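Report on the following structure.
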Amino acid sequence: MKLERVLIVDPIKGEFTGDIEINNKIISKVTLKGYNDYKYIVMPGFVDVHTHGQKGINVMNASNKDFKIWAENNFAYGVTSFFPSTVSASKEQILNVLMNSKDVGLSIEGIHLEGPFINLEKKGAQNPEYIRNPTIQEFEEIINEQVKLITMAPEVENFFDVIDFLKEKNVVISLGHSSAGFEYFKRAFQSGVNRITHFSNALTPLHHRNIGGTGSALYLDFYLEMICDGIHLSPEFVDLTYKIKGPDKIILITDSFEGAALEDGYYTLGGLEVTVRDRKAFLADGTIASSTLVFNEGVKNFKSFTNCSLQELAKVSSYNALRNLYIFNKGRIETGYIANLVVLNNNLDLVQTIFEGKRVY
């Protein structure tokens, strides 16, 4: 396969016109041509590290076939790598997700456990029935090679006792659903934890006498997940975060659930009833519950909210997420990298998705 006369957007080398050659699954050649015009924009395939479902598929009860359909559906939104994300649940429910998602292949890179080891005060749309403290004993039962990412609150009992175990298992820890202030976030950061879940939702706000979870995330060198749907975060807040942190520390996510890409109506999340109205998902008490965002719309929103460059957009939509999770053979348009690519028009509308060297959308 050859993509000719395109604007190539690489997160490291930047933007230039040229041609891309693909053999089997691999980018075999990238040629700078200096064309005066181009047909399309080519960027690395998008990466969603935090998604609970879409189009009626719920991660907590998805079958092996459902996970395959989910991966295929994602191609329509440019997503070539994703991490199905659980919600707070029983040990048995988590093990069931791990069993049903095993050996699916396709674009599933691993599983993200969001909870249940979080602070009840900041549960958001998590089911309080299942929230509990982490223990080595439980982790020995549920942590396997599929689990790549886990969201926990730094102030919960045993948090600092389980960090080394998770590191040994190559599980990246993300701080979230937390009532903690600066001292806990600082201690976690000094212990090697360097990312924040869906910033700044379910964190304590910035205050001039204690900068809280929100201020800690901005002050310390954390990676920040962000849901750019215009509901979880205002455009101004997204732009403010971009101006403070820069494009190297932001990771776009959807935090989508089964109601994403479907009509308004009633759905479920972790056993809780969720209403979707005018794209907003919420519980009966008004709490925002996951999102209906699809990834390519979040990419367009981030560009609109921040006026970032295309090179920066490639970082926040793909490169940063992969590097944070130690995946080094994807996320660039460079010789030797796996050919996961998106082809866009000048409005950033998705034209094609290429997964492992094949057009899949």
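The values are calculated or read from the model by the stated rules, or taken from the named source; none is laboratory data. Because the structure is predicted, anything quoted here is derived from the model rather than measured. Cβ coordinates were reconstructed from backbone atoms using ideal geometry, including for glycine residues, and neighbour counts include every protein chain displayed. Ligands, DNA and RNA are stripped out before the accessible areas are found, and what is left, the full protein with its side chains, is counted by its heavy atoms. Shrake-Rupley method; radii C 1.70, N 1.55, O 1.52, S 1.80 Å.
Quick notes on this structure:
- In the condition set (1) crowded, with 18+ Cβ neighbours inside 10 Å; (2) touching an Asp or Glu at 6+ places or on another chain (Cβ under 9 Å), L350 is compliant with all but (2).
- As for the range 179-202, it holds at least one residue that is without any contact (Cβ under 8 Å) to a residue 24 or more places away in the chain, charged (D, E, K, R) and either buried (at least 17 other Cβ atoms within 10 Å of the Cβ) or not in a loop (DSSP other than H, G, I, E, B) (or both).
- Of everything in the range 94-113 that is open to solvent by 30 Å² or more (accessible area, probe 1.4 Å) and assigned to a loop (DSSP other than H, G, I, E, B), the residue that is modelled with the highest pLDDT is E109.
- The range 97-139 - residue that is polar (S, T, N, Q) and touching a residue at least 24 places away in the same chain (Cβ under 8 Å) and, of those, farthest from T197 (Cα to Cα): N100
- Filtering the range 261-313 to residues that are of a type in the set (A, V, I, L, M) and in a strand (DSSP E or B) leaves L269, L272, V274, V276, A281, I288.
- Scanning the range 270-281 for residues that are free of Cβ contacts under 8 Å to residues at least 24 places away in the same chain, of a type outside the set (A, V, I, L, M) and crowded, with 16+ Cβ neighbours inside 10 Å yields one hit, T275.
- Among the residues examined, T292 qualifies as surrounded by 18 or more Cβ atoms within 10 Å (Cβ to Cβ) and hydroxyl-bearing (S, T, Y).
- Single condition Y35 does not satisfy, out of (1) part of a strand (DSSP E or B); (2) more than 21 Å from K330 (Cα to Cα): (1)
- Residue check, E141 open to solvent by 10 Å² or more (accessible area, probe 1.4 Å) and in a loop (DSSP other than H, G, I, E, B): no
- Against the test of being modelled with pLDDT of 95 or more, over 30 Å from I338 (Cβ atoms), within 22 Å of the chain's Cα centre (by Cα) and surrounded by 20 or more Cβ atoms within 10 Å (Cβ to Cβ), the options P84, P134, P116 yield a single qualifying residue, P116.
- Residue in the range 289-298 that is farther than 21 Å from E15 by Cα and at pLDDT below 95 present: yes
- For T254, the criteria (1) open to solvent by 20 Å² or more (accessible area, probe 1.4 Å); (2) closer than 27 Å to I57 by Cα; (3) among the hydroxyl-bearing types (S, T, Y) hold in every case but one, which is (1).
- Selection count, the range 314-349, where residues are in a loop (DSSP other than H, G, I, E, B), out of contact with any helix residue (DSSP H, G or I) (no Cβ under 9 Å at 6 or more places or on another chain) and closer than 17 Å to K249 by Cβ: 2
- Qualifying residue in the range 144-157 (condition: closer than 30 Å to M99 by Cβ, open to solvent by 60 Å² or more (accessible area, probe 1.4 Å), outside any loop (DSSP other than H, G, I, E, B) and at pLDDT 95 or above): yes
- Residue in the range 261-269 that is open to solvent by 20 Å² or more (accessible area, probe 1.4 Å) and among the acidic types (D, E) present: yes
- Inter-residue pairs, beta-carbon under 8 Å, first touching a residue at least 12 places away in the same chain (Cβ under 8 Å) and over 23 Å from L224 (Cβ atoms) and in the range 50-65, second of a type in the set (K, R) and open to solvent by 10 Å² or more (accessible area, probe 1.4 Å), 6+ apart: N64/K102
- Residue within the range 24-45 that is open to solvent by less than 10 Å² (accessible area, probe 1.4 Å) and of a type outside the set (A, V, I, L, M) present: yes
- Residues of the range 218-249 satisfying the condition of being open to solvent by less than 50 Å² (accessible area, probe 1.4 Å) and farther than 30 Å from V276 by Cα: L218, L220, F222, K245, G246, P247, K249
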